[in-house]
Amino acid sequence: MDKQNTSIDKAQNDFKNAQIFVTEAAAKRLKAVMSAEGKDDHFVRMSVDSGGCSGMNYKMDFDNNQESYDKIFEANGLKVVCDLKSWLYLKNITIDYSDDMLNGGFKIENPNAERTCGCGTSFSA
């Protein structure tokens, strides 16, 4: 096998095996919010849309309608779903949560982002 095919195979394998990671703190907080809203039977839907100061915004919603082409993950007992278009930008992200008074809230660490904004809610890739 030549070098080009090896790198293509590796890229395809990396893409296929990529995940969405949720820390224990983020999973605990998301489950608490879902429970408080009476949405224990829902999952977290991650997606992106255009906008924000860096070009793309992260979206996190509670949903119970799974589409046929959705990517599905389980992390710390929490089901996370992502549509294929958003998956290109969200593969291997880590969702974290902190209750720090000044810098608290959900944080997304995105290895695909070339640039992120100061508020952490938008990025460019």
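The values are calculated or read from the model by the stated rules, or taken from the named source; none is laboratory data. Predicted, not measured: the structure shown is a model, and the values here were computed from it. Glycine also receives a Cβ, built like all others from the backbone with ideal geometry; neighbour counts cover every protein chain displayed.
In region 46-57, is there at least one residue being without any contact (Cβ under 8 Å) to a residue 12 or more places away in the chain and not hydroxyl-bearing (Ser, Thr, Tyr)?
yes
Scanning region 86-105 for residues that are over 12 Å from the mean Cα position of the chain (by Cα), surrounded by 10 or more Cβ atoms within 10 Å (Cβ to Cβ) and either free of Cβ contacts under 8 Å to residues at least 24 places away in the same chain or assigned to a loop (DSSP other than H, G, I, E, B) (or both) yields a total of 2. For region 1-41, taking the residues that are under 16 Å from the mean Cα position of the chain (by Cα) and not in a helix (DSSP H, G or I), the one that is farthest from ASN76 (Cα to Cα) is identified as ALA18. Condition test on LYS59, is it at pLDDT 90 or above and among the basic types (Lys, Arg)? Against the criterion (at pLDDT 90 or above and among the basic types (Lys, Arg)), LYS59 qualifies.
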